[in-house]
Amino acid sequence: MRASLGSLYMSRNQFDTARQALTSALDVFQALDEPRGEALCRRDMALIARTNGDDASALELYRRSLADFDRAGDVVGRAIVLTQSAHIRMRQGETDAAQTQLDEALEIYEGVGYTGGRARTLRRVGQLLLAQGRSDLAVLTFTEVLELCRDSGDVIGEGHLLRDLGHAFAVMGRPDRARDFYDRAVAAREEIMDLSGARWCVWTSPGSSGNRGVPGNCSLRPWRSSASGGWGGNWRRRNDCSEPADAVGRS
């Protein structure tokens, strides 16, 4: 119950209250020797730390969460943590570490057939490709993922991904294409009455006064690295569909 309250407070951006609830829940799970409960609490506490810009604390919490998920035998939980912590590695410029984690997460999701998880991870793959200067391949990834997002009926994910494509084209020096995707992202968010999300798409669009060139939260259709490692060259497409309830921006 306390862990659920923590998630509820997080959804309301009440992070201090969420941390208190999660800390209390963690104490209970530790007393019961319930590793999966411990893992979930630490994972959500890491998300709070990450949101507050405390990457060091977030990475330590993720490390302990991975160990807890391993004790519980929860491979999907492990993959989620790998994807979330890879985002921090990307921000810190540790691209090799990020790629290793994303590769492992994708292998796990492929093994269990969890398309939604692969989708969230592949969104990070696209962002990593963009950070590596491999813009054309990033756009290809985002575009294929957008198809799955639409196939699954994930309008929120579609809006996130359209914004990522806008950012990619802005990085490539193609402002007209970028503006088109930002406008479509705004329309997608307004369609579901997500006005704050729509404002964020406008705020990050080319020519807006607040543009910092930050990629958005996006989703979905899987491409995969070749057996030789890395994400160039021989990618193969996945054709399965994502569960509509999977929100890509969570990871």
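The values are calculated or read from the model by the stated rules, or taken from the named source; none is laboratory data. As the structure is a computational prediction, the values presented were derived from the model and not from experiment. Glycine also receives a Cβ, built like all others from the backbone with ideal geometry; neighbour counts cover every protein chain displayed. To get the accessible areas, we keep the full protein, side chains included, count just its heavy atoms, and leave off ligands, DNA and RNA. Shrake-Rupley method; radii C 1.70, N 1.55, O 1.52, S 1.80 Å.
Worth pointing out:
- When PHE181 is tested against (1) modelled with pLDDT under 90; (2) crowded, with 21+ Cβ neighbours inside 10 Å; (3) of a type outside the set (Gly, Ala, Ser), exactly one condition is not met: (1).
- Selection from the range 96-153 of residues that are within 14 Å of the chain's Cα centre (by Cα) and basic (Lys, Arg): ARG118, ARG120, ARG123, ARG124
- ASP55 under 20 Å from GLU94 (Cβ atoms) and either open to solvent by 60 Å² or more (accessible area, probe 1.4 Å) or free of Cβ contacts under 8 Å to residues at least 60 places away in the same chain (or both): yes
- Of all residues making up the range 109-120, the number that are of a type in the set (A, V, I, L, M, F, W, C) and in contact with a Ser or Thr (Cβ under 9 Å, 6 or more places away or on another chain): 1
- Top-ranked residue of the range 2-30 - restricted to ones that are basic (Lys, Arg) and outside any loop (DSSP other than H, G, I, E, B), ranked as most open to solvent (accessible area, probe 1.4 Å): ARG2
- Positions within the range 160-177 being more than 12 Å from PHE142 (Cα to Cα) and either among the β-branched types (Val, Ile, Thr) or crowded, with 23+ Cβ neighbours inside 10 Å (or both), in sequence order: VAL171
- Tally, over the range 58-67, of residues that are more than 17 Å from ALA97 (Cα to Cα) and open to solvent by 40 Å² or more (accessible area, probe 1.4 Å): 2
- Considering the range 102-126, and only residues there that are small (Gly, Ala, Ser) and at pLDDT 95 or above, the residue that is most open to solvent (accessible area, probe 1.4 Å) turns out to be GLY111.
- Of all residues in the range 68-101, those satisfying the criterion of being touching a residue at least 24 places away in the same chain (Cβ under 8 Å), assigned to a helix (DSSP H, G or I) and open to solvent by 50 Å² or more (accessible area, probe 1.4 Å) are ARG71, VAL75, ARG78, ARG91.
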